[in-house]
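As structure tokens, the structure follows; a few thoughts come after it.
The values are calculated or read from the model by the stated rules, or taken from the named source; none is laboratory data. These numbers were taken from a predicted model, which means no experiment stands behind them. A quick note on method: Cβ atoms are made from the backbone with ideal geometry, for glycine too, and the neighbour counts reach across all protein chains shown. Accessible surface areas use protein heavy atoms only, side chains included; no ligands, DNA or RNA. Shrake-Rupley method; radii C 1.70, N 1.55, O 1.52, S 1.80 Å.
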Amino acid sequence: MDFSFRIANKSFDFLIFVILSTLLTTIHASIHIYQNQLFNEVGNAYLLPGGSEGLYASLSSDDSATDGRSFIRFENITFWRTQDAADEQSEMEHSTGLIQAVIFEAADRNNIGGSAYGGQRSICCTPDLAKLEGCKQGEVIRIPSATEINWPMVLSIQFNGNDLSTQMNNAEVPIKKTGMHNLFFIACDPKLKGTVMSGKTVWKNPDGYLPGRMAPLMTFYVYMAIAYLLLSAIWFSQYMRFWEDILQLQHCIAAVIGLGLFEMILWYLDYSNFNKTGMRPVVTTAWVVTVGAIKKTLSRLLILSVSMGYGVVRPTLGGLTSKVLLIGATYFVASELLDITEHVGTINDVSGRARLFLGLPDAFLDAFLILWIFTSLSKTLEQLQAKRISVKLDIYRKFSNALAVAVIASVAWITYEIYFKATDPFNERWQSAWIITAFWDILSFALLCVICYLWAPSQSSQRYAYSEDVGEEFDDEEAQSLTRGQSNGDVSLVKQEQKNGNAGISDEEDESEEDKRE
């Protein structure tokens, strides 16, 4: 099926653009880089989000140990206030502006800020809150956690005199409790409006730099690579054994299996490097995403082509080839953009509800493909039933049943995924979030196994192939065009049915003769 492989060529220019643009940037993941980032006004405070990740508690309390510790480390953090704000201060004053770095767990988010007399919640202490809460005016309101008196953690950084900038001392905050950790830089002084920050923070789990929700996926990709390897061994052993009887459709299946194995290996290598260094190389991540997008596109086109009866009921897709290529190219671009957004760049565990909308084009194309697949499958089943080709009909019925189960499972899982994300805006269930990603790889692999089972290479593979001797060269559209020209519609339909019946008998005779030869 050469049209499937031409999808990559159709989008080659797009790939070049993506790769060249990403090569000009540096990818940082658990190492969060801040380059002149501006504080934003939120309520009565100025905030700059520093990152959010699921972190496990340290396994070791030894500060000199390199493994087993979990921490957030601040490196070269520098703040610049505006020149006007600096000029308003006296050179002799010691403290002329306060910025606080606040680290808290999602479960303790209500321990930051307060409300006076049931009014709007404030992050910074106001005169009224100073009387009610006992906080210090001009600082972040912090209520100690019930389980840890020093938590949430607040680190203070001061501007001195009329200095334009100030630097935070390099510090390392050990993580003693497993949870979704959030970092915010907060300024309560209105004079610090327009402040910007540069520097970086390093987030580490006991086993490496992978964020908590991503860490289980590295092990998952090992198991998936093994599964694809076993499937490859079984398929290619049969593939080589019955090489002379291989169908064009089986070449396409082999390509999808190979791409699936390659994708799982690349994902594992990408995650392994990420876990060791805290950085994601641009080229590696971009190619992993691209291979995954190509594999997903070819998988869907393979299912669509099988549903249309390619190689079984019809020798080619004829006039539908251009439409299939167009939907394939469109799906590839949508999938590539979605995966780049998800995987290339700084990784934060808190994705928020807004990320739900990033997959809308991808989801729309999937829904369109599903509708097209089942419409084509229905027509193919009608053709096989009319021609009474029992062997092929049985295969297609099994395939349609498997496809129906996969679609039902997909709809159910999408519903669960929307519920999961909508009811967990702060990602407090981050430890099980990896299952959302893993499910789609498992479902795709299971459906591929079904296709491999139904169209496995064998000495009788040619029985499932298209045959020119049974009048199958006329598809439904061509049959309708032939009957439109007849004046007596009823008579022409009867003739057409008789023709289909004769074709079915002829097909059965050919198959019985082929069985005798085998």
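A compact table of results
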{"read-out": "Accessible surface of segment 213-463, 1.4 Å probe, proportion on carbon and sulfur as whole %", "value": "68 percent"}
{"read-out": "Phi-based couplings in Hz for segment 263-279 (Karplus 6.51, -1.76, 1.60; Gly and Pro marked x)", "value": "5, 4, 5, 5, 4, 5, 5, 5, 5, 5, 5, 4, 5, 7, 10, x, 10"}
{"read-out": "Descending semi-axes in whole angstrom, ellipsoid equivalent of segment 152-270, from the Cα gyration tensor", "value": "56, 17, 10"}
{"read-out": "Segment 28-202 - percent relative contact order, Cα under 8 Å, separation 6 or more", "value": "46 percent"}
{"read-out": "Amide N of segment 175-216 lying under 11 Å from the label point, which is placed 7 angstrom from the Cα of residue 67 along Cα→Cβ", "value": "207-208"}
{"read-out": "Signed unit charges on C-beta, dipole axis of segment 213-463, positive-most listed residue 374, 325, 220", "value": "374"}
{"read-out": "Extent along principal axes [Cα atoms of segment 28-202; Å; largest to smallest]", "value": "48, 39, 26"}
{"read-out": "32 Å Cα-Cα threshold exceeded, pairs from 323/398; 136/193; 177/295", "value": "177/295"}
{"read-out": "Probe 1.4 Å, all protein chains present, accessible-area order of 377, 230, largest first", "value": "230, 377"}
{"read-out": "Summed side-chain charge close to residue 263 - residues other than residue 263 whose Cβ falls under 14 Å, Lys, Arg +1, Asp, Glu -1", "value": "-2"}
{"read-out": "Accessible area, probe 1.4 Å, largest first, for residues 128, 366, 67, 270", "value": "67, 128, 366, 270"}
{"read-out": "For residue 219, solvent-accessible area (1.4 Å; no DNA, RNA or ligand), Å²", "value": "70 Å²"}
{"read-out": "Rounded to whole Hz, the Karplus (6.51, -1.76, 1.60) HN-Hα couplings of segment 219-226, x for glycine and proline", "value": "5, 4, 5, 5, 5, 5, 5, 5"}
{"read-out": "Kirkwood Rh and Cα Rg combined as Rg over Rh, evaluated for segment 213-463", "value": "0.99"}
{"read-out": "Between segment 357-394 and segment 283-310, the Cα center-to-center distance that results, in Å", "value": "17 Å"}
{"read-out": "Order of exposure, largest accessible area first, which applies to 197, 218 with probe 1.4 Å", "value": "218, 197"}
